[in-house]
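The values are calculated or read from the model by the stated rules, or taken from the named source; none is laboratory data. Note that the structure is a prediction, hence the values are computed from the model and not measured. Don't worry about glycine lacking a Cβ; one is built from the backbone with ideal geometry, like all the others, and counts go over all protein chains shown.
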Amino acid sequence: MGEELEMTVAPDMVRNLAGAAVSVELETPDMTLNIGPQHPSTHGVLRLVAKVDGERAFDVQPVIGYMHRGYEKLSEVRTYPQITALINRIDWVSGYANEIPFIVAAERLMGVEPPERAQFIRLILTEMARISSHLVFQASYPLELGAATPLFFALRDRERVLDLIEMVTGGRFHPNFNRIGGVKPAVGAGPTTRKTIQDLPAGFLAETRDAMDRVLSTADQLEDLVAGNEIVLARTKGIGILPPEVAIAYGVSGPNLRASGVGFDLRNVSDYLPYHLFDFQVPVGEAGDCWDRWWVRLEEIRQSASIVRQAVDSIPSGPLQAKVPRIIKVPAGEIYVRAENPKGEMGYYVVSDGGLGPYRLKIRSASFSNISILRWALEGTLVPDIIAIMGSLDFVLGDVDR
Amino acid sequence: MSPWLALAIWLLVVATIIPVMGMAIGYAEMKISAHMQSRIGPYFAGGRFGWAQLIADGVKFFQKEDLVPDNADRPVFKMAPVLVMVGTVGLFVVIPFGPGLTPQNLDLGIFYALAISSIGTIGVLMAGWSSGNKYSLIGGLRAAGQLIAYELPLVLAVVGVVILAGTMSLDGIVQAQISWFSEAGWAWGMPFVIVQAVGLGVFFIASLAELSRIPFDMPIAESELVMGYLTEYSGFRFLFFFLAEFANMFTLSAIAATLFLGGYWVPGVPDSILQFVGPLVLLGKIALFVFVSIWLRWTFPRFREDQLQTLAWKWLVPISLANIIVTGILKVVI
Amino acid sequence: MGFEDWIAEPLNWVFAVIALATVVSGFRVVTSPNVVHAALFLVAALAGTAALFLLLAAEFLAWVLVLVYIGAVIVLFLFGIMITRAPTGRDESNLDHKRRLPAALVSLALLALLLWGLISQWGDTTIDRITAGTPTTVLGEGLLGRFVFPFEVVGFVLLAALVGGITIARRDLSPAEEKEWESK
Amino acid sequence: MTLSPSDAEMTDADGAGEGNSLVDRAADAVGGVALEALETAKVGVSADRWTQTLRIARDDLGLGFFSWLSAIHWTNDPQVGDSLSQEVTERFELLCAVSDVTSGELVVFSTDLEATAPTVDSLIEIYPGADWHEREAREMFGITFVGHPCPENLYLPNEFAGNPLLKSFPLLSREVKPWPGDVDVEEMPAVGGGT
């Protein structure tokens, strides 16, 4: 009897040790774990319905819609200038960048070309929005892994960048600064009727250079603090791998796609802002794991800081606003303009019928497509990895639900 | 004075020391982390340096409503924090604060300490299970798995010291370090860290895990499990867990200091003076360990559960076993 | 020693209280309807036993009981209960078993056996008041010297129990699952 | 991990400019017609060729990146927003934008669905990313996607009646309180005695 017992047990024991997982051997009940909508690391009101067996989740269903504000519907009853106030609330972490593709779409439909200086200002602020958004990621992602300190380093510089944005636009999160045909004269820029418009606040350019230096040194600090941390590497390397073909088929864009090894950057492809005037590099990951997504965003901070510095150095003078009618009516037509938002491809399909507002506005937001891959990516992961993978996708719920 | 009376008095003393120690460490944690993160930390409470912040926090906890979830198992839920505290309080009994200043110089000192500290685990499991919350349950399970895994290296790391000292009494271990070279006629002793550096490393890592502090804070991992087994606790019951964590940090650091750094002893100081400066010396050594664990906490993220188990079973246990063998051979050879 | 002498000794009072608590907890282990409560009463019973050992100045034994049984075995019990049954919060499940009578008989028989063993061996012995326990060194030398064989045998039996536990608890995989498991 | 230099040369990717080669190429490949959409390559196909079209787009045109899918409700009698300037036949226009991540080309495919009970085959087999977009379109416009595995609402509760993005679906807040912002330029209050 004893021998027989041993005979039957032995192979299982060996396999058990080799597989290093007891969960298959011991019958444990499955548990449905609701992560969110109120949870510290779902970035707002995302809800994941996870079926877990011990620590392993075998089906994770994201549930969205807790933040649906119906912007597409609301846009149908607003005029074009009013809509910019709505859409910079889509991805509030980089509010400014959301306005650009919509404004450009309206300008293209009207046949208006904004002056070069306005385009430069837009570009500078867009890249600042990118820096601030990526710094938020640099702050929150280590926190999700359990490290609190990078948060303070990253947010300190984000604050400086937001201060600069506020200095020009008067708003930290929701600038509503773009006008069709150009940009609004900056706050405190003096009377706008004068010919000698002082458009950017005094000292802005110098402070920007200074801030960009600080951002670059913070990026180095973050690299020391996070990339030099063995536990971070153990938690992120090889975790949550998104193969490029899967990422493409799901429409995952932006840094998440580039981390998977696809060097696709709309700044090189679309001409919504004069990026072709600047030298910058597109960081591309290799493995498509959480670590690469972190690294790509860190590198993009550096590249954006470099773009801002170049733009500040070469900003042309001139008017801020092209001539547009006092009441803006956009001629009938359709256009899709997409831009490289910090989170990925942000686009607006504008259908105009010649009225004061669009007949239909389709908002293509990056996070929506980026997290639609969650169910695929989270299958069979461990609970701590759910958080690591989710955080590495860097989404904002406003950008998901619109 | 009967030993029971002495014990009762000591428990009373401990009951006042624990909150004070908890607050001191809590304050240190706030200030040190703040300075590591280019912040100031608490500033206003108490007039200067925010020294009263922790008192204010404590008062706040007492004012809060003591909520018991509807779904909870009431008696177990209410008892859990008490049990966690018992494990902590019991530890104070054997720490030698100076020559002859050991509350109860048990023959089995270190063995007792390890035994009594394992009681806290039951409290954590009770908290996790009785809350009626899935996050709490997972947190409790993680805590149990973690504490089982790290109990072993903790005990094994101590064995090396016990072999060297030839006694399990904590005071005896200090004396052994003081008189290490006395046979050779030297007045200078030897803190065991010199030959037991590996043991200290294993002990320190394992005690961090026992304390559930980053990088081993998976049981409460707030970005995953909200607050783990503490999720449903509020008011003074939460404060109990909170204080127990800090007090535990204090006692485990004290034991580490006693085992490896010579406890209350400084080389070259006679017993008559040690009687007075001994507690201060011990406090200084404790502060060193506390500082390191605060430092680690604000530097590292947390491990994943399976990585933690790997670390315990595949690294710490074999290392500490090897350490025992080497120490044994060393002892025989010497 | 008469009853009056017995009652005059304060330690006996302590003994009586602890013993009573231990017995009550032990009884509640088997009567408690909730499996986690039962395990927690087992903790109380074991703690009581440890306290009794302390009264007998058997310090080492007492703390071994705390470290091994309370600190490890019961924790594993609770761990196992939670990971497999996971009845969070109030649990209404009924653990009562129909075969109370055989269980009671077995327990009584065991009690009788133990009593018989104890009384027949030490029935007439009176021991002096215990002032100091056996030094741990003596215990250690005994365990690894004279009693090394039983010690090792017990270790072997425990290992066998471990293996047996896994065998009982594990579920046979269906052939399809087997394949899936292997492919991982 | 590498840093690749940016393309200083602008690849005229959105198909704008001379010849509109991309839109013609795409229209030829799928057998559809090039539609007018400023700068944007837009190709119309018939609804029964919808999945076939997108399969060609993915496999032959290399448009593997699923950008978005949505619809337009064309009607002469909108409850919200301005009326159209020209009469249209009431219908749904289903749009699907797919792009190529190496060249950056983007094509919007369009098909017309009938106004009552619009039905079309699901793209989920071709682009898994179409999952949520189709659920969104189903919820917002009432379009049925044949073959979609999860017919549940994405944003709103499942009990919600109606399809919010239909032009016939009233915007309740506007019904309750008219929007004051119809006049974009309001009279400025006089400040400090004024000039």
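Does C:PHE41 count as assigned to a helix (DSSP H, G or I) and under 19 Å from B:PRO75 (Cβ atoms)?
Yes, satisfied.
Just checking, how many residues over the stretch B:246-300 are outside any helix (DSSP H, G or I) and of a type in the set (Val, Ile, Thr)?
First, the residues of the stretch B:246-300 that are outside any helix (DSSP H, G or I): B:261-270, B:298-300.
Pick out the ones that are also of a type in the set (Val, Ile, Thr) and you get B:266, B:269, B:299.
Residues meeting the conditions: 3.
I'd like to check something: does the stretch A:261-271 contain any residue that is under 30 Å from A:ALA57 (Cα atoms) and either within 14 Å of chain D (Cβ to nearest Cβ) or surrounded by fewer than 21 Cβ atoms within 10 Å (Cβ to Cβ) (or both)? Explain how you work it out, then say what you get.
So the first thing to find is which residues in the stretch A:261-271 are under 30 Å from A:ALA57 (Cα atoms), and the list is A:261-262.
Of the ones still in play, those that are also either within 14 Å of chain D (Cβ to nearest Cβ) or surrounded by fewer than 21 Cβ atoms within 10 Å (Cβ to Cβ) (or both) are A:261-262.
Yes, the stretch A:261-271 contains at least one residue that is under 30 Å from A:ALA57 (Cα atoms) and either within 14 Å of chain D (Cβ to nearest Cβ) or surrounded by fewer than 21 Cβ atoms within 10 Å (Cβ to Cβ) (or both).
State whether the residues of the stretch B:186-209 include one that is in a loop (DSSP other than H, G, I, E, B), within 22 Å of the chain's Cα centre (by Cα) and touching a residue at least 40 places away in the same chain (Cβ under 8 Å). Please lay out each step first, then the result.
Applying the first criterion (in a loop (DSSP other than H, G, I, E, B)) to the stretch B:186-209 yields B:186-191, B:195-196.
Now narrow it down to the ones that are within 22 Å of the chain's Cα centre (by Cα): B:191, B:196.
Checking the rest, the ones that are also touching a residue at least 40 places away in the same chain (Cβ under 8 Å) come to B:191, B:196.
Yes, there is a match, as at least one residue in the stretch B:186-209 is in a loop (DSSP other than H, G, I, E, B), within 22 Å of the chain's Cα centre (by Cα) and touching a residue at least 40 places away in the same chain (Cβ under 8 Å).
Select from the stretch B:105-114 the residues that are farther than 10 Å from C:GLU59 by Cβ and surrounded by 24 or more Cβ atoms within 10 Å (Cβ to Cβ) and write down the one among them that is farthest from the chain's Cα centre (by Cα). Steps first, please.
Filtering the stretch B:105-114 down to residues farther than 10 Å from C:GLU59 by Cβ leaves B:105, B:109-110, B:113-114.
Now narrow it down to the ones that are surrounded by 24 or more Cβ atoms within 10 Å (Cβ to Cβ): B:109-110, B:113.
Working: B:GLY109: 15, B:ILE110: 13, B:ALA113: 10 Å.
Filtering first and then ranking leaves B:GLY109.
Looking at (1) under 20 Å from B:GLY140 (Cα atoms); (2) at pLDDT 85 or above, can you tell me which one C:ALA104 breaks?
Tallying (1) under 20 Å from B:GLY140 (Cα atoms); (2) at pLDDT 85 or above, C:ALA104 fails exactly one: (1).
Being more than 13 Å from every other protein chain (Cβ to nearest Cβ), closer than 16 Å to A:ALA322 by Cβ and surrounded by 24 or more Cβ atoms within 10 Å (Cβ to Cβ) is true for just one of A:ILE121, A:ILE90, A:ILE131. Which residue is that? Write out each step before concluding.
Values: A:ILE90 fails: closer than 16 Å to A:ALA322 by Cβ; A:ILE131 fails: closer than 16 Å to A:ALA322 by Cβ.
When all the criteria are applied, what remains is A:ILE121.
From A:PRO37, A:PRO81, which residue is within 14 Å of chain D (Cβ to nearest Cβ) and more than 23 Å from A:MET346 (Cα to Cα)? Break it down into steps so the answer makes sense when it comes.
Working: A:PRO81 fails: more than 23 Å from A:MET346 (Cα to Cα).
When all the criteria are applied, what remains is A:PRO37.
Can you report the number of residues in the stretch A:343-359 which are among the charged types (D, E, K, R) and surrounded by fewer than 24 Cβ atoms within 10 Å (Cβ to Cβ)? Steps first, answer last, please.
Going residue by residue through the stretch A:343-359, those that are among the charged types (D, E, K, R) are A:343, A:345, A:353.
Then keep just the ones that are surrounded by fewer than 24 Cβ atoms within 10 Å (Cβ to Cβ); that gives A:353.
Here the count works out to 1.
Tell me, which residue of the stretch B:135-154 that is within 19 Å of B:VAL226 (Cα to Cα) and more than 10 Å from every other protein chain (Cβ to nearest Cβ) is surrounded by the most Cβ atoms within 10 Å (Cβ to Cβ)? Walk me through how you get there before you give the answer.
Initially, the stretch B:135-154 is screened for residues within 19 Å of B:VAL226 (Cα to Cα), giving B:135-146.
Next, from what is left, pick out any that are more than 10 Å from every other protein chain (Cβ to nearest Cβ): B:139, B:146.
Working: B:GLY139: 28, B:GLN146: 24.
Looking at residues that are within 19 Å of B:VAL226 (Cα to Cα) and more than 10 Å from every other protein chain (Cβ to nearest Cβ), I get B:GLY139.
Quickly run through the stretch A:302-342 and pick out the residues that are assigned to a loop (DSSP other than H, G, I, E, B), within 13 Å of chain D (Cβ to nearest Cβ) and basic (Lys, Arg).
A:ARG326, A:LYS329, listed by residue number.
Please pick out the residue among B:ILE95, B:ILE119 that is at the interface with chain C (Cβ under 10 Å from one of its Cβ atoms) and of a type outside the set (Asp, Glu). Give the derivation first.
Working: B:ILE95 fails: at the interface with chain C (Cβ under 10 Å from one of its Cβ atoms).
Residue meeting the stated conditions: B:ILE119.
Can you confirm whether C:ALA21 is within 10 Å of chain B (Cβ to nearest Cβ) and modelled with pLDDT of 80 or more? Can you show your working first?
Values: within 10 Å of chain B (Cβ to nearest Cβ): no; modelled with pLDDT of 80 or more: yes.
No, not satisfied.
Taking the condition within 14 Å of chain A (Cβ to nearest Cβ), touching a Gly at 6+ places or on another chain (Cβ under 9 Å) and among the β-branched types (Val, Ile, Thr), does B:VAL226 pass?
Details: within 14 Å of chain A (Cβ to nearest Cβ): yes; touching a Gly at 6+ places or on another chain (Cβ under 9 Å): yes; among the β-branched types (Val, Ile, Thr): yes.
In short, yes.
Out of curiosity, is A:TYR71 modelled with pLDDT of 80 or more, farther than 22 Å from B:GLY228 by Cβ and in contact with an Asp or Glu (Cβ under 8 Å, 6 or more places away or on another chain)?
Numbers: modelled with pLDDT of 80 or more: yes; farther than 22 Å from B:GLY228 by Cβ: yes; in contact with an Asp or Glu (Cβ under 8 Å, 6 or more places away or on another chain): no.
No: the conditions fail for A:TYR71.
Please work out which one of (1) buried (at least 23 other Cβ atoms within 10 Å of the Cβ); (2) within 14 Å of chain A (Cβ to nearest Cβ) is the condition B:GLY263 fails and give its number.
Among (1) buried (at least 23 other Cβ atoms within 10 Å of the Cβ); (2) within 14 Å of chain A (Cβ to nearest Cβ), the lone unmet condition for B:GLY263 is (2).
B:ARG304 is checked against (1) surrounded by 20 or more Cβ atoms within 10 Å (Cβ to Cβ); (2) among the charged types (D, E, K, R); (3) away from chain A (no Cβ under 14 Å) and fails just one. What number does that condition carry?
Evaluating B:ARG304 over (1) surrounded by 20 or more Cβ atoms within 10 Å (Cβ to Cβ); (2) among the charged types (D, E, K, R); (3) away from chain A (no Cβ under 14 Å) leaves (3) as the failure.
Please give the helices (runs of 4 or more DSSP H) falling wholly within the stretch B:1-99 in which 1 or more residues are over 30 Å from B:ASN133 (Cα atoms) and hydroxyl-bearing (Ser, Thr, Tyr). Step through it out loud before you land on a result.
Details: elements: B:3-36, B:53-63, B:74-91.
Per the criteria, B:3-36.
Under the condition of being within 12 Å of chain D (Cβ to nearest Cβ) and over 25 Å from A:ILE131 (Cβ atoms), which residue from the stretch A:207-250 is surrounded by the fewest Cβ atoms within 10 Å (Cβ to Cβ)?
A:GLU245
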